[in-house]
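As structure tokens, the structure follows; a few thoughts come after it.
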Amino acid sequence: MIEILEADITTLAVDAIVNAANGALRGGGGVDGAIHRAAGPQLLTELKLFPGCPTGGAVRTMGYRLPAKYVIHAVGPVWYGGSKSEAPLLAKAYESSFARAQEAGDVKTIAFPAISTGVYRFPKDHAARIALTSMLAHEREYERIVACVFDEETAMIYHDMLEAMRRNR
Ligand code: AR6
């Protein structure tokens, strides 16, 4: 089941939340900053075991003080206008996140933010199509896939896009 929820992802009681990280994996602003603050300093300690992560990739850590058991740190692309493989790289970031969730072996519920649509400037409607395509492909493997959005405009985009995609399937 895919659920669109307007919420702070750090509050969600799901098995795994996905972070919109950067390749250095050392924290940052936006949702990344919120996740680090809520999880506590042990999150950064575990992330320091990783040298970094390429764009389109994802790594999994524990969730520490978060209600979620795991955090999957996905690295989306910066939007440069569309000619730098941004769309396939964003699709890859979602697929890598699902791969890390699958490997954990006990993830039945997972929540995603709208990766790359903040500081990285990926157009919201294009990003929503990519996110929902990946979520629809994995829908049957999970009890709950939450598209966690942070503003009403993005919530509307996701609702309209999901409805249109289900209609055209
Ligand atoms: N819960 C859910 N969604 C949120 C939250 C939250 N607490 N806070 C922000 N968002 P961004 P990016 C939404 O900028 O574009 C960081 O510094 C936000 O409204 O967090 O992938 C990293 O370290 C937007 O829709 O991530 C990287 O350097 C979405 O999350 C860089 O920013 C993503 O916005 C990544 O940029």
Could you check how much of the accessible area of the range 2-167 is carbon and sulfur, as a whole percent, using a 1.4 Å probe? 54 percent
Using a 1.4 Å probe and ignoring any ligands, DNA or RNA, find the accessible area of GLU6 and quote it in Å² to the nearest 10. 110 Å²
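Based on Cβ point charges of +1 for Lys and Arg and -1 for Asp and Glu, what charge dipole magnitude is obtained for the chain about its Cα centre, in debye rounded to the nearest 20?
Using Cβ point charges on Lys, Arg, Asp and Glu, the chain gives about 440 debye.
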Go ahead and estimate [θ] at 222 nm for the chain from helices alone: -39,500 (n - 2.57) per DSSP H run with n ≥ 4, summed, over the residue count, rounded to 500. -12500 deg cm²/dmol
Per the rule of 0.36 nm per residue minus the C-alpha distance, extending ASP151 to GLU6 adds in nm 51.5 nm
Between GLU163 and PHE50, with labels modelled 7 Å along Cα→Cβ, what's the label distance in nm to one decimal, could you check? 3.6 nm
Rounded to the nearest 10 degrees, what's the angle between the helix 124-138 long axis and the longest principal axis of the chain, both from Cα atoms, 0 to 90? 80 degrees
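Of the DSSP beta bridges with both residues in the range 2-167, give the percent that are antiparallel, rounding to the nearest 5.
Here the share of antiparallel DSSP bridges comes out near 25 percent.
Accessible area per residue, 1.4 Å probe, Å², for the range 1-95: what's the number?
44 Å²
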Within a Cβ distance under 13 Å of LEU90, other residues only, what is the Lys/Arg minus Asp/Glu net charge? +2
Gyration tensor on Cα atoms of the range 72-169, a ≥ b ≥ c root eigenvalues, a/c under 1.5 rounded, else prolate if a/b beats b/c, else oblate, says oblate
Quick one: if you stick a label point 7 Å off each Cα along the C-beta vector at GLU103 and ARG140, how many nm between them? 2.5 nm
For LYS48, the lysines lying under 22 Å Cα to Cα, once residues fewer than eight places off in the same chain are dropped, come out as LYS69
Out of LEU49, LEU132, LEU90, any idea which swings most in a Gaussian network model of the chain, alpha carbons joined below 10 Å? LEU49
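The values are calculated or read from the model by the stated rules, or taken from the named source; none is laboratory data. The structure displayed is predicted, hence computed values, not measured ones. FYI the Cβ positions are ideal-geometry reconstructions off the backbone, even for glycines, and counts take in every protein chain you see. Just so you know, the surface numbers come from the protein's heavy atoms only, side chains and all, with ligands and any DNA or RNA stripped out. Shrake-Rupley method; radii C 1.70, N 1.55, O 1.52, S 1.80 Å.
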